[in-house]
1. Within the bounds of the stretch 77-91, is there any residue that is of a type in the set (Val, Ile, Thr) and surrounded by 13 or more Cβ atoms within 10 Å (Cβ to Cβ)?
2. Just one of (1) basic (Lys, Arg); (2) under 30 Å from residue 114 (Cβ atoms); (3) free of Cβ contacts under 8 Å to residues at least 24 places away in the same chain trips up residue 77, so point out which.
3. Can you tell me which residue within the stretch 1-24, out of those that are among the β-branched types (Val, Ile, Thr) and in a helix (DSSP H, G or I), is farthest from residue 35 (Cα to Cα)?
4. Any residue that is in a helix (DSSP H, G or I) and within 30 Å of residue 130 (Cβ to Cβ) - is there at least one of those in the stretch 39-57?
5. For residue 104, only one of the following conditions fails: (1) over 30 Å from residue 9 (Cα atoms); (2) of a type in the set (A, V, I, L, M); (3) modelled with pLDDT of 85 or more. What is its number?
6. Exactly one of (1) of a type in the set (S, T, N, Q); (2) farther than 30 Å from residue 6 by Cβ; (3) assigned by TED's automatic domain parsing to the domain that holds residue 7 is unmet by residue 56. Its number?
7. Name the one entry in 85, 65 that is closer than 30 Å to residue 117 by Cβ and modelled with pLDDT under 90.
8. Residues that are more than 30 Å from residue 46 (Cβ to Cβ) and in contact with a Lys or Arg (Cβ under 8 Å, 6 or more places away or on another chain): does the stretch 123-134 have at least one?
Amino acid sequence: MQQYKRVFGHIDKNGDGKISPPELQICFGKIGGELSLEEAEMAAALLDSDGDGLLSMDDLVKVVESANEEETINDLKMAYKLYEETEGSGCITPKSLRRMLSKLGESRSVDDCKMMIAKFDVNGDGVLSFDEFREMMI
């Protein structure tokens, strides 16, 4: 939370506890982006939770955390594809899990992999969907 407060303090130039569209525009400029005042006003309106057209500390935290969550989901999707069955079934099978673990230097039998999958196989179909994989990893 201290990091958020520091970042918020740097953006909130006038120290009023809110980030205005002009302050948001300046912030984007400092990190190498371009944002017109109109775009900054639209962004503030979209992200603002209390309707005053300004961003509070809570608004900033929500934006950053949702971006982190999206990045985490994208990372999990990439990892899932590594484990996924090569025939494009869209799931992790005991054989595909065994193959990937072998590539990672961990030798497991297909039966071991079946047991590993069973722990997180919510619907009992013997394979892991992306949602089941995500629950396992989070």
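The values are calculated or read from the model by the stated rules, or taken from the named source; none is laboratory data. A quick note: this is a predicted structure, and the numbers were derived from the prediction, not measured. All Cβ positions, even for glycine, are placed from backbone atoms using ideal geometry, and neighbour counts span all protein chains on display.
1. Keep residues of the stretch 77-91 that are of a type in the set (Val, Ile, Thr), which gives 86.
Now narrow it down to the ones that are surrounded by 13 or more Cβ atoms within 10 Å (Cβ to Cβ): none.
Checked the stretch 77-91: no residue is of a type in the set (Val, Ile, Thr) and surrounded by 13 or more Cβ atoms within 10 Å (Cβ to Cβ).
2. Exception for residue 77: condition (3).
3. Residues of the stretch 1-24 among the β-branched types (Val, Ile, Thr): 7, 11, 19.
The next check asks that each one be in a helix (DSSP H, G or I); those that pass are 7, 11.
Numbers: 7: 19, 11: 15 Å.
The qualifying residue farthest from residue 35 (Cα to Cα) is 7.
4. Of all residues in the stretch 39-57, those in a helix (DSSP H, G or I) come to 39-47, 57.
Okay, now just the ones that are also within 30 Å of residue 130 (Cβ to Cβ), so 46-47.
Yes, the stretch 39-57 has at least one match.
5. Result: residue 104 fails condition (3) only.
6. In the conditions (1) of a type in the set (S, T, N, Q); (2) farther than 30 Å from residue 6 by Cβ; (3) assigned by TED's automatic domain parsing to the domain that holds residue 7, residue 56 misses (2) alone.
7. On the way: 65 fails: closer than 30 Å to residue 117 by Cβ.
The unique qualifying residue is 85.
8. Of all residues in the stretch 123-134, those more than 30 Å from residue 46 (Cβ to Cβ) come to 123-129, 132-133.
Now restrict to residues that are in contact with a Lys or Arg (Cβ under 8 Å, 6 or more places away or on another chain): 126.
Yes.
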